[in-house]
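What follows is a single structure, written as structure tokens, with notes after it.
Values in this text are rule-based calculations from the coordinates and carry no lab data. As the structure is a computational prediction, the values presented were derived from the model and not from experiment. All Cβ positions, glycine included, derive from the backbone under ideal geometry; neighbour counts span all protein chains shown.
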Protein chains: 2
Amino acid sequence: MEIEVMKDILGENDTVASENAAFFAAKKIFVLNIMGSPGSGKTTLLERTLELLADKLRIGVIEGDLFTAKDAARIEKHGAPVVQINTAGGCHLNAAMIRKALGKMDTDNLDVIIIENVGNLVCPAEFNLGETAKAVVLSVTEGEDKPMKYPLMFKEAAAAVINKTDLLPYVNFDRAAAEHDIAVLNPGINIFGASCTAVEKDDGIEAWCMWIEENYRKVSENFSARQE
Amino acid sequence: MEIEVMKDILGENDTVASENAAFFAAKKIFVLNIMGSPGSGKTTLLERTLELLADKLRIGVIEGDLFTAKDAARIEKHGAPVVQINTAGGCHLNAAMIRKALGKMDTDNLDVIIIENVGNLVCPAEFNLGETAKAVVLSVTEGEDKPMKYPLMFKEAAAAVINKTDLLPYVNFDRAAAEHDIAVLNPGINIFGASCTAVEKDDGIEAWCMWIEENYRKVSENFSARQE
């Protein structure tokens with residue numbers, strides 16, 4: 001019975017997620033749902049991404065947190081339109097929260113929406129938001145054992161970012177083992193390195209930004225193709 | 001209706017948690033539920049704690065993970081009795097899982113049981129296991145904003161460990177701000193520093209171990225007092 005209730009909740013979420021997905025397709029917006037542990041560096045990665053793509057894409061941001069608007073305040077400094085969702089203790093975003101946030105965004109003038117989910121390596125992977133793609137951020141400080149210990153998020157993601165690579169000299173992190181395990185869980189995944197605080201050593205962040213650009217182009221072209 | 005079902009689940013959990021708590025009191029075992037993000041360093045802290053307390057306390061360990069027995073294998077090397085719980089995707093331990101694990105432990109010959117919860121800064125705080133005390137581990141790599149963003153766990157904990165302090169020179173982490181916020185959320189909390197990989201710079205780990213010893217003594221004495 002408890003399981004049935006859970007199914008109902010997930011079923012209802014999937015319905016709203018499908019509606020969100022149809023909305024994004026109609027507006028030809030590439031929507032990326034970024035997930036990862038608290039402190040994996042999602043917000044800093046997002047700030048760096050906004051800087052690098054500022055002249056190329058019009059990016060809006062939806063920030064998910066249990067409490068506070070700290071992350072939205074950081075994003076706002078980069079000039080990107082941002083909506084903060086507070087889940088009031090909830091451990092993940094759901095599709096209805098995203099639908100509500102969209103009402104506060106000028107979606108006619110956006111190419112990309114990046115959703116920063118609640119910091120949690122477990123629950124957000126279970127709730128589809130209607131996004132075009134999911135990405136997972138793993139900090140090298142978390143340890144290379146995390147993909148196998150928290151496999152669902154790595155299975156669901158189209159991209160994985162190995163973050164804070166500037167800290168590799170100071171931590172025990174077997175990067176090859178982490179990348180191997182991620183590829184075993186999800187053979188089609190794109191894996192990028194990133195170092196967002198050390199500007200001189202950006203690692204794979206430009207490739208990551210190009211991946212976002214390419215995905216936007218695909219979404220945009222698919223729409224054009226359907227229109228003909 | 002969904003909320004009522006949630007209440008029922010929590011109510012059922014609380015009943016089993018109370019039974020666990022009565023069992024621990026009768027056996028005069030101090031039970032510590034350690035929580036924190038994936039990669040905050042819970043297992044390494046636990047390994048260091050086992051080393052330092054090996055000659056003083058008989059410590060058993062319950063390891064909680066979604067999948068794998070990687071952590072239990074690490075603990076076993078230290079000679080401590082350990083039971084691995086796999087939640088098969090579940091985002092937290094619950095009281096029934098602990099009760100089941102207890103059946104596999106020689107509880108007549110233990111002074112302390114340390115439970116390492118699933119790596120998750122949100123959900124585990126909502127599920128009482130019958131433990132004597134909760135502790136939260138926060139790595140300096142996670143950022144000083146985390147207590148205010150994930151307040152429940154810091155409110156529930158009797159102790160907070162600021163971990164991986166050896167990485168402070170390489171990250172932006174305002175330790176005073178983190179400790180201030182934790183104390184605002186929970187004025188009675190005990191805050192310890194810890195650096196578990198750099199052996200020469202243990203920071204507050206000895207104080208942390210003394211805190212565990214003191215708590216065991218209290219549990220033991222309370223029992224003796226009730227017996228008279």
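With contacts taken as Cα pairs under 8 Å at a separation of at least 6 residues, chain B carries a relative contact order of 25 percent. Take the Cβ atoms of residue A:168 and residue B:22, set R0 to 60 Å, and the FRET efficiency comes out at 0.80.
Shown in residue order for region B:137-145 are the 3J(HN,Hα) couplings computed by the Karplus curve 6.51 cos²θ - 1.76 cosθ + 1.60 at θ = phi - 60°: 10, 10, 7, 5, 6, 7, x, 6, 7 Hz (x for Gly and Pro). Let me know the shape class of chain A, please: from the alpha-carbon gyration tensor, a ≥ b ≥ c as square roots of the eigenvalues, rounded when a/c is under 1.5, otherwise prolate if a/b is greater than b/c, or oblate. Cα axes put chain A in the rounded bin. Taking a ≥ b ≥ c as the square roots of the Cα gyration tensor eigenvalues, with a/c under 1.5 meaning rounded and otherwise prolate when a/b beats b/c, else oblate, which class fits region A:45-89? Prolate, because a/c is 1.5 or more and a/b exceeds b/c. Between amide H atoms placed 1.01 Å from N, distances below 5 Å from residue A:36 occur with A:120, A:137, all of them 5 or more places distant or on a separate chain. Across peptide A:33-45, the mean count of Cβ atoms from other chains lying within 10 Å of each residue's own Cβ comes to 5.
Taking the label point 7 Å along Cα→Cβ, residue B:183 and its counterparts in the other copies are spaced 5.0 nm apart, in ascending order.
Mean projection of the Cα convex hull over all viewing directions, computed for region A:57-186: 8.7 nm².
From largest to smallest, the equivalent ellipsoid semi-axes obtained for the protein assembly as shown from the alpha-carbon gyration tensor read 40, 24, 19 Å. The separation of region B:130-162 from region B:167-220, counted between C-alpha centres, amounts to 10 Å.
Partner chain Cβ atoms within 10 Å, averaged over the residues of A:63-70 - can you pull that number for me? Spell out each step's value before the answer.
On the way: counts 0, 0, 4, 7, 5, 5, 0, 4.
The shielding value for this peptide is 3.
Distances between equivalent label points of residue A:55 across the copies, with each point positioned 7 Å along Cα→Cβ, amount to 6.6 nm, shortest listed first.
Peptides B:126-136, A:45-55, B:36-46, A:16-26 ranked from most to least packed by the mean count of surrounding Cβ atoms within 10 Å: B:36-46, B:126-136, A:45-55, A:16-26. Note on the protein assembly as shown: with charges restricted to the Cβ of Lys and Arg (+1) and Asp and Glu (-1), its dipole about the Cα centre is near 100 debye.
Tell me, in nm to one decimal, what length is gained between residue A:55 and residue A:180 on full extension, where the rule is 0.36 nm per residue of separation less the Cα-Cα distance?
On the way: separation 125, 0.36 × 125 = 45.00 nm, distance 3.47 nm.
Difference between extended and current length: 41.5 nm.
When +1 charges are put on Lys and Arg Cβ atoms and -1 charges on Asp and Glu Cβ atoms, the dipole computed for region B:2-107 relative to its Cα centre reaches about 480 debye. Partners of residue B:70 within straight-line reach, counting lysines whose Cα lies under 19 Å from its Cα and excluding those fewer than 8 residues away in the same chain: A:146, A:149, B:42, B:104. Label-point spacing for residue A:217 across the identical copies (point 7 Å from Cα in the Cβ direction), in nm and ascending order: 6.9.
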